[in-house]
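**Q** Can you read through this structure? Questions will come right after.
The values are calculated or read from the model by the stated rules, or taken from the named source; none is laboratory data. Note that the coordinates shown come from a computational prediction; the quantities given were computed from them, not determined experimentally. A quick note on method: Cβ atoms are made from the backbone with ideal geometry, for glycine too, and the neighbour counts reach across all protein chains shown. Quick note on the areas: whole protein, heavy atoms, side chains included, nothing else; ligands and nucleic acids left out. Shrake-Rupley method; radii C 1.70, N 1.55, O 1.52, S 1.80 Å.
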Amino acid sequence: MNAHPGTGAALDAEIASAFEQHKPLLFYYWQPTGLMAKYDFEPLKFPAYEDACWQDLLLADGKMDCVSGFPISPLGIAVSTPFIESNPELAAVFEKVQFTSDELNGAILEMSESKRSGDDQALVFLRENPNVWQAWLSDEAAANLAAKLGISLTGDSIDSTAANKNSASNNQLGLASSFPSWSLETPLNNTLASVVQNYGDVFRSISTMALTYLLLPIERLLTVIPPWVIIALVTVLGWFGVRKVWFALACGAGLFLIGAFGLWGALIDTFALLIVSVLVTVAIGIPIGIAMAGSKLLRKVVTPILDIMQTMPSFVYLIPVLMLFGIGKVPALFATIIYALPPLIRLTTLGITQVNHEMVEAGRSFGSTHLQLLIWIKLPQALPSIMAGVNQAVMMSLSMVVLASMIGAPGLGEDVLQSIQTLNIGQGLQAGMAIVIVAIIIDRITQAFGQGKRARQKTIDASRH
C-alpha cells in the first residue's frame, strides 16, 4: 500500500500499526525523532556518500550513472554575532556540541513519554551522560558542572542534595504529592497494541470493504457525471427546497466558482465522503433514536455515551482508529460518523417522544400495532425533528473535512492543510470559500426539506406570491 499520510502523526500511526502487526514495511523517514527509538527498525544499507554523485542526483537533468548514500547533516547551533562577542567561552563550547542520532532519538522519546519539558529532559540527559558532554568542556568546567548536577565524573557516590535541588524547587508547594499516582495510559496502550496485533487483519478487511463497496463506487459515479449536470441538479434541488430563484442561481454559481478555482476534483472527494458518512450515520442513528424513544433504560445507558462522543476531542479517538484501520479515507469515514451520530440520535429521540399523546392513543384505539403506530403516526409527526438531526449530521460531517485531510483523506480539507503547511494564504482562502459555499448550500436545502408539511406549504405559497 502506498500511503498518503496527510500529517506526521498519521504517518507515525500507520508505521506503528504495521510494526505491531508484524507486516512488511518499507518507509522513508527522518531523524532525530522519538519513533526511531521506540521501535527496532532495520535501516537499509546504502553505499557511501559521494558528494559529486549526490550533487548530480539533485539536478533534474543529471547525467551521471551513480549511486550515493544520503549525506549526514551534523548538528549546528546558530547564534548572533553580539552573542559570540559577549560570550566567547559559550560560543567555543557550542562549536564542540555534537550528538549521535541514537542519543537524540532516545532523548526525544524519553521526553515525550515522561511528559518532561525541554529543560527537565536536558538536566536528565546531563546527569545520565557525562561521558558525552565531558569532551566539550575543559577539565575545570566539567568538574564544576558535575558538582552542580550532583554527579561524580569518577564513579564515586552521588551527592543527592544537589541532584534533587531542582525537583524540590519545582515541588515546593507540595502539589505533586497531594494526589495518588494513577494512570490509565499504560493499560490502554497495552490493550490497543494487543488488539492491533491479534485483530489487525479483521479491521483492515473492514477498511478494505468500506473503501471498495462504499467510497470508491460513489467517487466513480460522481466523477463520471459531467460537472454541468451536477451543477444543474443542485440548482434544481435548491429551487425545489427553498422555492426562490435567486437561491437556486446562487447554488449553481457557487459550484461553478469552486470549479473555476480548480477545486472540482477535491469537491468530488469531499462529496463522496460526505454522502457515505451521512448514509451510514442515518442508517445507524435513526434506529438507535427510535429504540431510545421507546425505552427509558436504554436512554439512561446511551445518553452518557453520546455525551462522551460529543465532548471528547476528535483527535483522541483518531488514535485507535488510525492504528486499527490505517490512514486514508476509511478512518476519516469512521471519525466523521462518530462525530455526527450524537445529534441525529438525540433529535430523533426527542421528536418521537414529543409526538402528541392523543394521536398515539387514537391510533391504538383503531387497532394499530406498534410498527404501524411508528410508521404512520410517530415518524411523520417527528419528521421535522429527525430532519433537523439529519441537517446537523450533514453539517458536522462537513466540518470534519479538514480533520479528515490530516489523516490522509483527500478533498477540500487537503488544500486547507497544504495552505497551512506552506503558508499559502491564497490557496487556503479559496479552499475555505469552497467549504463555506458547500456548507451554505447543504444547510439551506436540508433545512427546507426538513420543514413540516404546513411550513413547507407556506414556503411554496409565499414563493408563488
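**Q** With only alpha-carbon pairs counted, each pair once and no self-pairs, how large is the Kirkwood hydrodynamic radius of segment 305-370 in angstroms? Walk me through the numbers before you get to the answer.
**A** On the way: mean 1/r = 0.0681 Å⁻¹.
One over the average 1/r among Cα pairs gives 14.7 Å for segment 305-370.
**Q** How long are the semi-axes of the equivalent ellipsoid of segment 85-129, taking √(5λ) for every eigenvalue λ of the Cα gyration tensor, in whole Å from largest down? Please list the in-between numbers first.
**A** Numbers: eigenvalues 118, 32, 14 Å².
Sorted largest first and rounded, they come to 24, 13, 8 Å.
**Q** Can you classify segment 291-407 as rounded, prolate or oblate using the Cα gyration tensor, where a ≥ b ≥ c are the square roots of its eigenvalues, rounded means a/c under 1.5, and otherwise it's prolate if a/b beats b/c and oblate if not?
**A** Numbers: a/c = 3.14, a/b = 2.49, b/c = 1.26.
Verdict is prolate for segment 291-407.
**Q** Going through the DSSP H helices of the chain, which span 30 Å or more along their own axis at the Cα atoms while scoring at least -1.0 as a mean Kyte-Doolittle hydropathy? Please list the in-between numbers first.
**A** Working: long enough: 185-210 (32 Å, -0.01); 264-293 (41 Å, 2.11); 329-353 (36 Å, 1.27); 425-449 (36 Å, 1.41).
Helix filter hits for the chain: 185-210, 264-293, 329-353, 425-449.
**Q** So if we plug the beta-carbon distance of Val79 and Asp56 into 1/(1 + (r/R0)^6) with R0 = 25 Å, what FRET efficiency do we get, rounded to 0.05? Don't jump to the answer; show the numbers that get you there.
**A** Details: r = 34 Å, r/R0 = 1.37.
It comes out at approximately 0.15.
**Q** Quick check on segment 173-321: take the gyration tensor over C-alpha atoms, sort the square-rooted eigenvalues as a ≥ b ≥ c, and tell me if it's rounded (a/c under 1.5), prolate or oblate.
**A** Numbers: a/c = 2.13, a/b = 1.87, b/c = 1.14.
Verdict is prolate for segment 173-321.
**Q** If the chain between Thr100 and Trp246 were fully stretched, how many nm would it gain, using 0.36 nm times the residue separation less the Cα-Cα distance?
**A** Extra length available between Thr100 and Trp246 comes to 46.0 nm.
**Q** How much of the accessible area of segment 1-94, in percent, comes from carbon and sulfur atoms when a 1.4 Å probe is used? Mind showing how you got there, number by number?
**A** Working: 4160 of 6910 Å².
Whole-percent figure for carbon plus sulfur exposure: 60.
**Q** Please give, to one decimal in nm, the separation of the simple spin-label points placed at Ser314 and Ala193, each 7 Å out from Cα toward the Cβ.
**A** Spacing of the two 7 Å Cα→Cβ label points: 3.0 nm.
**Q** Once every DSSP H run of n ≥ 4 in the chain is given -39500 (n - 2.57) and the sum is divided by its residues, what mean residue ellipticity at 222 nm do you get, rounded to the nearest 500 deg cm²/dmol?
**A** Working: 26 runs with 327 residues, N = 465.
Mean residue ellipticity, 222 nm, calculated: -22000 deg cm²/dmol.
**Q** Sticking with this structure for a sec: With all protein chains present, how much of the accessible area of segment 306-465 (probe radius 1.4 Å) comes from carbon and sulfur, to the nearest whole percent? Walk me through the intermediate numbers first.
**A** Details: 5180 of 7990 Å².
Taking all protein chains in place, segment 306-465 shows 65 percent carbon and sulfur surface.
**Q** Let me ask something additional. Could you compute Rg(Cα) / (2.2 N^0.38 Å) for segment 11-95, with N its residue count?
**A** Details: Rg = 19.5 Å, N = 85, 2.2 N^0.38 = 11.9 Å.
After normalising by residue count via 2.2 N^0.38 Å, the value is 1.64.
**Q** Could I ask something else about it? For the chain, what is the accessible area per residue in Å² when the probe is 1.4 Å? List each step's numbers first, then the result.
**A** Values: 28120 Å² over 465 residues.
About 60 Å² of surface per residue is accessible.
**Q** Give the range of the longest stretch in the chain that excludes all trypsin sites (Lys or Arg not before Pro) found in loop regions by DSSP and having at most 10 other beta-carbon atoms within 10 Å. Please list the in-between numbers first.
**A** On the way: sites that count: Lys45, Lys63, Lys115.
Formally, the longest exposed-site-free interval is 116-465.
**Q** Let me ask another. Under the rule a/c < 1.5 gives rounded, and otherwise a/b versus b/c splits prolate from oblate, where does segment 202-288 land using the Cα gyration tensor?
**A** Values: a/c = 3.07, a/b = 1.61, b/c = 1.90.
Cα axes put segment 202-288 in the oblate bin.
**Q** For the chain, which semi-axes, largest first and in whole Å, follow from the square roots of 5 times the eigenvalues of its Cα gyration tensor? Could the numbers behind the result be given before it?
**A** Values: eigenvalues 631, 194, 94 Å².
Semi-axes from the Cα gyration tensor: 56, 31, 22 Å.
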